[in-house]
Amino acid sequence: MRLKATLAGALVATLVSGVASAETLRLLTWGSYAPEEVIRLFEEKYPDIKVEVTFSNNEEMIAKLRATGGAGFDLAQPSHDRIYAVQMEYDIYKPLDLSKIDTSNMEPKLLDGVKANTTIDGNVYAVPHQWGTSGLMVDKTKAPDLKSWADLCDPQYKGRTSMRLRRTILLGTAFAMGEDPFATYADLGKYQELLDKVADKLITCKDNIKAYWKGGDDLSAMMLSGEIVASETWDSTAFKLYSENQNIVFVPPETGALAWIDTFAIPRKGAADEAAYKWINFVLQPEIVTMMSASTGALASIKGAQELLPADKQAAVKAAFTPADIDNLKFFANIPPGVEDMEGKTLEKIQAATSN
């Protein structure tokens, strides 16, 4: 009887210990970056880890981690240009242990670029995950010659274009005006002068805008219905629509599509580093990359990523980019402290002027 009780007690203790040792990986990421099927496969491989997802964007990620000093999440996915200045100012991330990440299958150009952008005092704070571009989405049967950010404001398309009032359109418009906004980051006075010129241009463009889009769903609806003929967009949104209507294509602006890289970074007070490293390595496996890209519409950071896209996405990429377009990409530069506030006030000015 005593032996049975001892065995029963040992069994209970084992079960309790198993529950107590289970980890929760709290992932702070973009919508579509944690598909349910990928989470299911990860949890099957690592049954002692439970994935908890919070969908966000760059601004919200920074705000959430800044408010807690880097607590509350175990892995975040900010874009490559949103890490250096934020880390210098708020200290919300911890250095990565690259020995725990399989970087051998990463595209060297992307890995080296992210490391260069996010290295502080010899420590690397991020590695690449997904990348893509922002540019133009065009119905080529209705606007065959549209190829510049400025063309969204061409009077011939009055009431039939769209854009999102976020920093991308500020930067794109600046390039279309013959300026290099990234080159002015070193002198914020000059950057403000440029932003004022861009604001004036976009305010005069308001009659061309059918509506300012806020999310991919409303932009897609306007394009598919024919309400608009062109818009500023993420390439992934255009790629998704291409499978439904091959007249709708992504057009890299003649000044160069703006390129972003979403990364993996570990918050300073994260409590599940080992689980975070396991997630990073897991989602960069080729078979998972295909599932992830089907969800995001973006390219992974690994070698041969284009061939791992679903067939419809491969066709859309080939229809959009030539080798010259790839060479002409303009990667977002690190954002110095103060720039986002300046851009935010500029966007508020445009919003106020165009809502009247």
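The values are calculated or read from the model by the stated rules, or taken from the named source; none is laboratory data. All of these numbers come straight from a predicted model, not from anything done at the bench. For neighbour counting, all protein chains shown are included, and Cβ atoms are generated from backbone atoms with ideal geometry for every residue, glycine included. These accessible areas exclude ligands, DNA and RNA; they are computed on the full protein's heavy atoms, side chains included. Shrake-Rupley method; radii C 1.70, N 1.55, O 1.52, S 1.80 Å.
A few comments on the model shown:
- Evaluating 6.51 cos²θ - 1.76 cosθ + 1.60 at θ = phi - 60° for every residue in the range 242-256, the Karplus couplings come out as 4, 5, 9, 8, 6, 7, 8, 10, 8, 10, x, x, 4, 7, x Hz, glycine and proline recorded as x.
- Crossing angle, helix 273-283 versus the chain [Cα axis fit, 0-90 degrees, rounded to tens]: 60 degrees
- Cut-off 12 Å between beta-carbons: net charge of the residues surrounding D262, Lys and Arg +1, Asp and Glu -1: 0
- Averaging 1/r across all pairs of distinct Cα atoms in the chain and inverting the result yields a Kirkwood radius of 21.8 Å.
- 21 Å Cα-Cα threshold exceeded, pairs from K64/K349; K206/K349; K109/K147: K64/K349; K109/K147
- If both residues of a DSSP beta bridge must be in the range 99-251, then about 70% of such bridges are antiparallel.
- Protein accessible area in the chain, 1.4 Å probe - carbon and sulfur %: 53 percent
- For the range 292-334, trypsin sites (Lys or Arg not before Pro) meeting the loop criterion (DSSP other than H, G, I, E, B) and having at most 16 other Cβ atoms within 10 Å: K303.
- The range 295-350 and the range 151-196: distance between their alpha carbon centers, rounded to Å: 17 Å
- Average accessible area per residue (Å²) across the chain - probe 1.4 Å, nucleic acids and ligands excluded: 44 Å²
- Against the chain, whose longest principal axis comes from its Cα atoms, helix 339-354 is set at around 50 degrees.
- The helix-based estimate of mean residue ellipticity at 222 nm for the chain, built from -39,500 (n - 2.57) per DSSP H run of four or more residues and divided by its residue count, is -13500 deg cm²/dmol to the nearest 500.
- Taking every DSSP beta bridge that has both ends in the chain, the antiparallel portion is near 60%.
- The range 207-241 and the range 68-102: distance between their alpha carbon centers, rounded to Å: 32 Å
- Taken about its Cα centre, the chain carries a charge dipole of roughly 620 debye when the Cβ of each Lys and Arg holds +1 and the Cβ of each Asp and Glu holds -1.
- Label-to-label distance, nm, for residues given as E193 and E274 (7 Å Cα→Cβ offset): 5.7 nm
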